[in-house]
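The values are calculated or read from the model by the stated rules, or taken from the named source; none is laboratory data. No experiment lies behind these values; they were computed from the predicted model shown. Neighbour counts run over all protein chains shown; Cβ positions are idealised from the backbone, glycine included. We work out accessible area using only protein heavy atoms, side chains counted, and drop any ligands, DNA or RNA first. Shrake-Rupley method; radii C 1.70, N 1.55, O 1.52, S 1.80 Å.
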Amino acid sequence: MRLTACLASGCFALLAGGASATSPVAPIAPQPAGATAVAVSIVGPDGTVLVSTGETRAPAPNPAPAAFSYPDDGSTISSAAISVTTSASADEGTAASSVELSGLSLLGGEITADRVRAAVQSAATVGDLAASELTNLVVLGQPVPEAAPDTKLPLADWGTLTLLGQTTRQRGGATPAWEGVITALVVHLDADHAGLAAGTELRIGFAQAFSREPAPAQTPAPPVQTPKPLPTPKTRAHVTLPRGVGQQPARPVQTPKPTVVPSTKPKVTTAKKPKQPKKPRRKGLLPVHAPPPDVTPKLTAGGYVFPVYGPSGYGDSFAAPRGDVSGGWHHGDDIFAPLGAPILAIAEGTVFSVGWNDIGGYRLWLRDRAGNEFYYAHLSAYTKLAVNGRHVHAGDVLGFVGSTGDAEGTPFHLHFEVHPVSLLFLGYDGAVNPTTYLNAWERLEDVRILAAVPFLGPAARPSNAPTPGAILLESSDISTANGLEPETLQRAMNRPPKIDLSGPSVAQLPVPLPVLDRA
């Protein structure tokens, strides 16, 4: 079942699935009642629990509410307060479990919520999970409305988020029972992200409770009277059997088998269907996914600009074979330009998922006001606008062209993708051919460039210095020249410029273009 929820600022696609498989459920225990709760756990790709807090099992005492951060700076998980409660009564056949987190932030603020609550109550053979809720949930800068249980959201190119994943079971028979399990949030990483390996899961707010009818009190049965044994006779009676009794029976008479006359009818042979040849499996790093969407939906009425400033070239390489990406096909177009060419926000919107992955290198995402999403990859550097949650305008400079990630060793280019809001439910494979859009978008002639942050992530702090009217893009070392000898100065000026991208401040980028301040 696919559910699309429309928001005031656009549409956020939700995919609702079946019972959540992220929290394995053990068989209903033989005890009359029990409850378990875990506030936060991080499970590695091999199933090993890397981090866990707030784990409680009834009838153990409930821990006092406390704040939590992991690691110490809270860049992966932080919560202002965590409260965990469990209870169970074997005599009454009741159980309850709840976990509540407030001020929650995951993965450096990419997922936030004012309040997360997972709760299960059970009594005998009935129960419910209705008290579970998510308050002011924001995912990748987009508010999420109230969602149905087991709703799944795609997380850009790196994972999925399951909301209120739950399972309930009821068993009848001689020992009827009920069990409920819920996990408020589960983040599953399909690719390396925020310092965590692909396959890692962040499980927030796990609650479980089970109960059954308590055994009725039984009245003790009266003692059983044992009869006295009969007296044993002193003499044993001698019994004579008739002749033939107790001897081996005579062998049965063998009945001759009837003679089978062969049929004169011709034998009909049914031809066997030839075996169908097995379809060859695609050789590659990833399994075959859905084919590329063959549509070009309208995004908005206008207001888009070309993503690269200055001279550049591109062709239609969408859906070309690629062995190291999801689906095995190219999800966008490559725009070739000089190293350091400014990369622009194509529309007004929100920046998210800024950082590194092995395929895209330094990359970022942009969501416009209509909910459409755009992917930029292989950047050489970011500007201070490339920060998760930052609101930008069309034409703002977000970074610079490079060849990081799996583009190392190739000509410098920007890998650019278009993900329309109507296809977000397909996850990363909801990309469409960007060529038609690129052909139509306006190319800017002058842009405003803020201070560049070379090879630094979104955690880099913006500078307090005044905004520059221009930045240095090319320089020559003239320290070897002699001011008294004009020819030495001319020779120094004619030397190729030295490029240094390892510095901690402003990037020196070899782009022989004038950069003007729009202001």
Restricting to region 311-333, and then to whatever is open to solvent by less than 20 Å² (accessible area, probe 1.4 Å) and in contact with a strand residue (DSSP E or B) (Cβ under 7 Å, 6 or more places away or on another chain), can you tell me which residue is modelled with the lowest pLDDT?
Gly328
Does region 376-385 contain any residue that is touching a residue at least 40 places away in the same chain (Cβ under 8 Å), touching a Gly at 6+ places or on another chain (Cβ under 6 Å), part of a loop (DSSP other than H, G, I, E, B) and surrounded by fewer than 24 Cβ atoms within 10 Å (Cβ to Cβ)?
no
For a quick check of your reading of the model, give me the residue pairs whose first member lies in region 308-329 and is more than 26 Å from Gly340 (Cβ to Cβ) and without any contact (Cβ under 8 Å) to a residue 60 or more places away in the chain, whose second is basic (Lys, Arg) and open to solvent by 40 Å² or more (accessible area, probe 1.4 Å), with beta-carbon atoms closer than 7 Å and at least 6 apart or on different chains.
Gly328/Arg282; Gly328/Arg322; Trp329/Arg322
Taking region 35-56 as the region of interest, how many residues are open to solvent by less than 50 Å² (accessible area, probe 1.4 Å), outside any loop (DSSP other than H, G, I, E, B) and among the small types (Gly, Ala, Ser)?
4
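To keep it simple, each residue is scored yes or no on (1) without any contact (Cβ under 8 Å) to a residue 12 or more places away in the chain; (2) over 23 Å from the mean Cα position of the chain (by Cα); (3) not in a strand (DSSP E or B).
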residue: Gly109; (1), (2), (3): no, no, yes
residue: Asp114; (1), (2), (3): no, no, no
residue: Ala119; (1), (2), (3): no, yes, no
residue: Ser122; (1), (2), (3): no, yes, no
residue: Gly127; (1), (2), (3): no, yes, no
residue: Ala130; (1), (2), (3): yes, yes, yes
residue: Leu134; (1), (2), (3): no, no, no
residue: Ala147; (1), (2), (3): no, no, yes
Given the structure, is Asp150 surrounded by fewer than 20 Cβ atoms within 10 Å (Cβ to Cβ) and of a type outside the set (A, V, I, L, M, F, W, C)?
no
Give me the residue from region 405-439 that is assigned to a loop (DSSP other than H, G, I, E, B) and open to solvent by 20 Å² or more (accessible area, probe 1.4 Å) and, out of that set, nearest to Asp358 (Cα to Cα).
Glu408
Looking at (1) touching a strand residue (DSSP E or B) at 6+ places or on another chain (Cβ under 7 Å); (2) among the charged types (D, E, K, R); (3) open to solvent by less than 40 Å² (accessible area, probe 1.4 Å), can you tell me which one Glu442 breaks?
(3)
Where residues in region 342-366 are of a type in the set (Gly, Ala, Ser) and outside any strand (DSSP E or B), which of them is surrounded by the most Cβ atoms within 10 Å (Cβ to Cβ)?
Ala345
Within region 153-166, residues being open to solvent by less than 40 Å² (accessible area, probe 1.4 Å) and either touching a helix residue (DSSP H, G or I) at 6+ places or on another chain (Cβ under 6 Å) or not aliphatic (A, V, I, L, M) (or both) number 6
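Among the residues of region 327-341, which ones are within 25 Å of Gly399 (Cα to Cα) and not in a strand (DSSP E or B)?
To start, the set of residues in region 327-341 that are within 25 Å of Gly399 (Cα to Cα) comprises 330-341.
Answer for region 327-341, where residues must be within 25 Å of Gly399 (Cα to Cα) and not in a strand (DSSP E or B): His330, His331, Gly332, Ala337, Pro338, Leu339, Gly340, Ala341.
Out of region 57-107, which residues are among the small types (Gly, Ala, Ser), farther than 30 Å from Gly141 by Cα, in a loop (DSSP other than H, G, I, E, B) and touching a residue at least 40 places away in the same chain (Cβ under 8 Å)? Before you say what the answer is, go through the steps one by one.
First, pick out the residues of region 57-107 that are among the small types (Gly, Ala, Ser): 58, 60, 64, 66-67, 69, 74-75, 78-81, 83, 87-90, 93, 95-98, 102-103, 105.
Adding the requirement that they be farther than 30 Å from Gly141 by Cα leaves 58, 60, 64, 87-90, 93, 95-97.
Those left that are additionally in a loop (DSSP other than H, G, I, E, B): 58, 60, 64, 90, 93.
Selection gives Ala90, Gly93.
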Evaluation of Leu106 against (1) on the phi > 0 side of the Ramachandran plot; (2) open to solvent by less than 10 Å² (accessible area, probe 1.4 Å) (one fails), failing number
(1)
Answer yes if at least one residue in region 132-147 is modelled with pLDDT under 90, open to solvent by less than 40 Å² (accessible area, probe 1.4 Å) and more than 27 Å from Gly355 (Cα to Cα), and no otherwise.
yes
Candidate set: region 173-212, residues that are open to solvent by less than 30 Å² (accessible area, probe 1.4 Å) and acidic (Asp, Glu); chosen: the one modelled with the highest pLDDT:
Glu201
